[in-house]
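Peer 1: Once you've had a glance at the structure underneath, I'll fire off some questions.
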Amino acid sequence: MNTLRIDFAPRRTKPLWWALLCVGLVLAALLALRIHQLSTALDAARARGSALERQNALRTQPVNEPARALTKAQIAAINKAVVALNTPWPDLLAALERARPDGVALLRLEPRPAQNTLRIVAEAEKTAALFALAEALQRDPHFSNVAPAGQEVADTEQGRRNRLSLDATWK
């Protein structure tokens, strides 16, 4: 019969294999660390690149083209509108209310801002009330050079009414 040799003691591996295994594990760990560092650097570079692209896009956006030159007619219209908007309406209307006697109706106000004048069309039953309005406006500190511009008699539903147009210069 043949003898069978049974050895329950583990075989001893050579130290060279252990050294190679340890070196391989260290190299794998270093490689994983380097990959992680490069990945982080790549993400940071992409973020900087996208920020630079946004800044570049802002810089290269088309600038609104400069306003075209206005014509003389447009300039004149703008200046006319500015003068009209600068009419001192609160003061003028308050002065007209103070000067208006009972029985007088103000029908129309036509400003002429370029001349600082106001055409006032008023209506009353009696002409004396209209002339009282003209005198009160002349005394008011907001107006000067109050002068009649026209007078007419109109037949209305309320009866015969007198209309007076006044030109007044505001201060």
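Computed from the coordinates by the stated procedures, all read-outs in this text should not be read as laboratory data. Nothing here was measured: the structure is a model prediction, and the numbers come from that model. Cβ atoms come from the backbone with ideal geometry, glycine included; neighbour counts cover every protein chain shown.
Peer 1: Could you line up Arg5, Arg139, Arg119 from fewest to most neighbouring Cβ atoms inside 10 Å?
Peer 2: Values: Arg5 5, Arg139 9, Arg119 15.
With the fewest neighbours first, Arg5, Arg139, Arg119 line up as Arg5, Arg139, Arg119.
Peer 1: For the chain, set up a Gaussian network in which alpha carbons nearer than 10 Å are linked by springs, and say which option among Leu33, Leu118, Leu107 fluctuates the most.
Peer 2: Leu33
Peer 1: Bin all alpha-carbon pair distances of the chain at 10 Å intervals from 0 and give each bin's fraction as a whole percent.
Peer 2: For the chain, the binned pair fractions read 8, 18, 12, 8, 6, 6, 6, 6, 6, 5, 5, 4, 4, 3, 2, 1, 0 percent.
Peer 1: Exposure proxy check: Val23, Val83, Val121 ranked by fewest other beta carbons within 10 Å?
Peer 2: Numbers: Val23 10, Val83 14, Val121 17.
Ordered from fewest to most neighbouring Cβ atoms within 10 Å, Val23, Val83, Val121 come out as Val23, Val83, Val121.
Peer 1: For region 26-171, with only Lys/Arg (+1) and Asp/Glu (-1) charged at the beta-carbon, what is the dipole magnitude about the Cα centre, in debye rounded to 20?
Peer 2: On the way: 19 positive and 15 negative charges, 185 e Å.
Computed charge dipole of region 26-171: roughly 880 debye.
Peer 1: Using a 10 Å cut-off around each Cβ, can you sort Leu38, Leu166 from fewest to most neighbouring Cβ atoms?
Peer 2: Values: Leu38 10, Leu166 21.
By the 10 Å Cβ count, ascending, the order reads Leu38, Leu166.
Peer 1: Using a 10 angstrom cutoff on alpha carbons, build the Gaussian network for the chain and name the most mobile of Asn145, Asn116, Asn64.
Peer 2: The residue that fluctuates most here is Asn64.
Peer 1: Further question on the same structure: Kindly provide the trypsin sites (Lys or Arg not before Pro) of region 29-114 that DSSP labels as loop, not H, G, I, E or B, and whose Cβ sees at most 14 other Cβ atoms within 10 Å. Don't jump to the answer; show the numbers that get you there.
Peer 2: Values: sites: Arg34, Arg46, Arg48, Arg54, Arg59, Arg68, Lys72, Lys80, Arg98, Arg108; in loops: Arg68.
Answer by residue number: Arg68.
Peer 1: State the three equivalent ellipsoid semi-axes of region 86-170, derived from the C-alpha gyration tensor as the square roots of 5 times its eigenvalues, in descending order and whole Å. Intermediate results must be reported in sequence, preceding the final value.
Peer 2: Numbers: eigenvalues 96, 33, 25 Å².
Equivalent ellipsoid semi-axes, largest first: 22, 13, 11 Å.
Peer 1: Taking the Cα centre of region 31-90 as origin, work out the dipole magnitude from +1 charges on Lys and Arg Cβ and -1 charges on Asp and Glu Cβ, in debye rounded to 20.
Peer 2: Dipole of region 31-90, to the nearest 20 debye: 100 debye.
Peer 1: Expressed in nm to one decimal, what extension gain is obtained for the pair Thr40 and Ala19 from 0.36 nm per residue of sequence separation less their Cα-Cα distance? Walk me through the numbers on the way to the answer.
Peer 2: Values: separation 21, 0.36 × 21 = 7.56 nm, distance 3.18 nm.
Gain in length upon complete extension: 4.4 nm.
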